[in-house]
1. Going out from 0 in 5 Å bins, what whole percent of all Cα-Cα distances in segment A:12-68 drops into each bin?
2. 7 Å from Cα along Cα→Cβ at both C:ASP310 and C:PHE246: what's the point-to-point distance in nm?
3. Please sort through the DSSP H helices of chain B and keep those with an alpha-carbon extent of at least 15 Å along the long axis and a Kyte-Doolittle average not below 0.0.
4. Mind grabbing the base-10 log of I(q)/I(0) for segment C:78-202 at q = 0.11, 0.15, 0.20, 0.21 Å⁻¹? Debye formula, identical points on the C-alpha positions, no solvent, two decimal places.
5. Once fully extended, how much extra length lies between B:GLU118 and B:ALA225, figured as 0.36 nm per residue of separation less the alpha-carbon to alpha-carbon distance?
6. Just to be sure I understand the model, the point goes 7 Å from the Cα along the line to the Cβ. What's the resulting B:MET110 to B:GLU336 distance in nm?
7. If the cut-off is a Cα-Cα distance under 21 Å, which lysines reach B:LYS177, setting aside same-chain residues fewer than 8 apart in sequence?
8. Can you tell me the orientation of helix A:187-208 relative to chain A, as the angle in degrees between its alpha-carbon axis and the longest Cα principal axis, to the nearest 10?
Amino acid sequence: MDLSAINPILLVAAMIAAATPILLAAIGELVVERAGVLNLGVEGMMITGAVCGFIITVNTGSPTVGFIAAAIGGAVLSLLFAFLTQVALANQVASGLALTLFGLGLSALMGQSYVGIKPPRTESTPLGSLADIPVIGPIVFGHDLIVYLGLAIVAATWATLKFTRAGLVLRAVGENHDAAHALGYKVKRIRTLAIMFGGACAGLGGAYISLIRVPQWTEGMTAGVGWIALALVVFASWKPWRVLLGAYLFGGITQLQLNLQGAGVAIPVEYLAMSPYIVTIIVLVILSADKSRAPGSLGRTFHASG
Amino acid sequence: MTDLLALRGLTKAYPGVIANDDVSLSIAPGEIHALLGENGAGKSTLVKMIYGLVKPDAGKMEMNGAGFAPTDPRAARAAGVGMVFQHFSLFDALSVAENIALGMETPPPMRTLAARIEEVSQTYGLPLSPDRTVGDLSAGERQRVEIIRCLLQDPKLLIMDEPTSVLTPQEVDILFKTLRKLSAEGTAILYISHKLEEIRALCDTATILRGGKVVGDCVPRDTSAREMAELMVGSTLATPKSAAHATGEVILSVTNLSVASPSAFGMALKDISFAVQAGEVLGIGGVAGNGQDELLAVLSGELPSAPGMVTFEGRDLAGIGPEARRGLGVLSAPEERLGHAAAPNMSLTENAMLTGAAREGLSARGLLNWPKTRAFATRIISEFDVRTPGPENAARSLSGGNLQKFVIGREVLQKPEVLVVNQPTWGVDAAAAAAIRQALLDLAAGGTAVVVISQDLDELMEISDRFAALNEGRLSDPRPTQGLDVEQIGLMLGGAHGIEVAHV
Amino acid sequence: MSRNLFDKQSGAGANPLGMAVLSPALWLALLFVQLEKRPQPSKAMAYATPVLAVVLTMIFGGVLFAVLGKDPLQAITTIFWEPIFGEFAFFYRPQLLIKGAPLVLIAIGLALGFKAGIWNIGAEGQYIVGAICGAGAGLAFYPAESVLIFPLMVLAGALGGWAWAMIPGLLKVKFGTNEILVSLMLVYVAEQLLASMSLGLLKNPEGFGFPGSRNLQQYPSAHNAEIITGTGMHWGVVAALIAVIFAYVLLTRHSLGFAIRVTGEAPRAAKFGGVNPGRLVLFCLGISGLLAGLAGMFEVSGPSGQISIDFNVGYGFTAIIVAFLGRLNPLGIVAAGLLMALTYIGGDIAQSQLGLPAAAIQVFQGMLLFFLLALDVLTNYRVRFGKGETA
């Protein structure tokens, strides 16, 4: 065992990168849940985004186009969920599960001839020489654009929910859909848009895994990150900045256990690999006492009568 | 004077029912126009059409002589129509100002809006702080949020759907002053109610609906309540008859009961004590949301309370769940029919099983006896005149009144020792309400201790022997109903002291 | 291997095909449709929708196969006809029971929970732990022979699955933790546990260093052999049948089943009726874990034979589809389980004969669940054609 092989600065930088897929998926799901919809299909949308982004990047050579395709792929898949829950009024839990099962199969099908291929590298350090500053450089400035995009989405989500009318309407729809309907707001339309936003974010997060974190395509490679993102929304009490905090916590644990595996700690690899999931459970237990912050209409089906 | 709003031949049909059939009426600026009718008469559908929530199948609406066909509530608001809903369309977790902003087309920035809310609330005597979370407000305050939301848009027509059903007499008085002031300023008001005395006190004209049709117009001040009632109901009603109540031993007693509410915006019960005797009807009045649901949940056994707080025939009920309480003879019927007292998608037979299993012997060692349950359901249906094709029909297919008769009947037929009911006639047509009240009185006459929680004071005065008021989770001392007048009740309900109570 | 649409050289690989075909059509339909709540659920529709969903899945599945460059008719017959009536049916028919039994066994347990609104989606994990415990109990006695070993393994498997499911159950009751997330997280934990077991504790000492346990098929006392040779009828099938009967009686005749149904329909009404929600959560999660554990145990001691890293093949997740396809009804689940087993077997045949990718079957199964959920609306709502109403 050689713990000194772990460079703390690189570790923190890597934690931030490890947190990004969870962060993207979770902030998207946060918006969906604030609109009153529980979409358990995050994992399915992530993996679809991962494969879409991968295929397009390989074929066009441009990671930027790939990430855009990932967002579109996730959003298009989420439309299926929107159809089931907003139009066919299907149970949201069942529909979310269906979306995950379908997304896993679809992505495996789409990606079968891409296994083992290396994608073009995504440009890192867009902030150039700032990344050379000791300590702060690698941690703050040494990342790729998607990391900053994730942070920007968190900030934008926070500001939109708190200060804008669109955010107020979204919260209102999530809080009490009947009242929002009575005031003339298009509940289903607003929810569908929120679901698509969630899908796009999950798609981006998935592509981050297949294009930057790994980078490679393998079946089922998101390995539960989508589910952890769902747990994170609960952990964050539906607040954007706490999602960021939680994502860094989970990203940190994921990265730390990987580094410990690398350093050859005397704990079997399997037990280290379990740790992010076990930590998720523990955190859920600690935080599930307070559900008062949950949007009032979360998970309930809306149908205008009369 | 030209009409502000004219409705001509409005018709709206739903599968199996014509909600509005060729309805015409007109409202002049500044007029307070009552829309009177029983539950199910078509009042709600009519105002939903005016407010753009429902599109008429046939007929025309005119606003100031021009065609008016709002496609959604925004269009209606833009045309100067404001509406205060019966079940408030408010968002508990949002602040007063945010709630109001949601009801406006182009709300000003929050700070300006807050100032305007303060201004309007002072002008119309409706005190309200813009920063408070709506979930923490009382029913009266919540209604003010809705009214101010409408007033900020300078409506030409204000629709009020059963506005007084959730108010204390003092709050009703404040509301009427506000409405009269608005009327004097030229705002027309369409006032929906089934409370005749209120309409006589407030309204200039009235249109009476029955079965979706206009059955009459009148000037309420010149028309007796009796005449209006007969128009509204279409027949004369029997008022419940109470046998002399020979009250006996104390059966149920509640002592220093305090519990926290299980829901985020619920009301905790604080130090409640009362006792009910065999053969007595105890009426508990007060506006919904003041601990009514919690009190019922404690008595039914859904909400646990500490030892010694609730006793039945001297036996401590702490730790005894709903099913075991039924076995002892303590039965209850909650307010919410669909989803609480009954499972909407399940058949009446299955709903009979829901509470009848223990007392009616519908299950033995866990095995269910469906034929016997069906017979029990059929008995409820026939004895309580529940209108349904049969016990295999889903609970949700019944009208409100019929389902309520089923729910009350289900408990009454089990011959309880104690029966606790919450809002037994809420949203129920007059005939069904009368039948339910009679059933409760008959039950008490047979020696059952009956607790009726209701916000309908007339109902409580009619059937209860003693009356107590539940306000902010506290219960006043029960007092004999005989000799109580509206002023005293108002004070018991926690109305502001010293305010002259409108005798409505 | 023939090239398909997603082949990277074809350039059309970006097409998220399933949705590209489905979504716009579905959304377009909305413009002309509105829903009206039925006064009560339609019984006819409740029976018709699963059949309709299967038919629609066959049609759209056919489109999918066509897009993949396969003859859709041939693919569909290969999947649905070949295993039962084809030349080698004598070989495939027993497979129907072998693959159907774990699906039915797990789905029965899940359905009880789903009916009550208790979402155990971690059956895959409970299946794994059941297998580990069952196999572990048997291997502990190796090479002793006794008739008591197999019953002991059954008990251990059931207990293992039950205990694994009690984790989300207890956490939900004690702390209000979401059982969906916890049970799912525990699948990943169980998979790691499986890896650790096949590499460590349960590794075959005579296995030349390969991961995986001893083969229980070669250990008579622990072997879940066919009861009637050549039928695929093993003890897991018997257990599945018992579970079906048990669940049927429970749901229709017993107060606990009634409690489950009321809780799912109206939780407040159930509480008012006297149901203890916590106890119900523990019962539903416990029984579904127990059945999933049994399924894992019968699988590891029979058809699969050994604990290995890739022992689990997703029965726990497919059983979710089975439960819904069977409308959460025990008898329906039997039919749905057999149908789903058929798609597995037929999918294998199509894979070897037509080169149909394995993932295509997964998509096919996912599609089935989608159509089922979408069509379910017809049970409770009437569809009227015409432009939707305001708002």
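Just so you know, all these numbers are worked out from the coordinates, no wet-lab data involved. No experiment lies behind these values; they were computed from the predicted model shown. Backbone-built Cβ (ideal geometry, glycine too); neighbour counts: all protein chains shown.
1. Values per bin, smallest distances first: 4, 17, 18, 21, 20, 13, 5, 1.
2. 3.3
3. B:430-445
4. Per q value, in the given order, log10 I(q)/I(0) is -0.52, -0.85, -1.09, -1.13.
5. 34.7 nm
6. That separation, rounded to one decimal, is 3.0 nm.
7. B:LYS156, B:LYS195
8. So the inclination is approximately 10 degrees.
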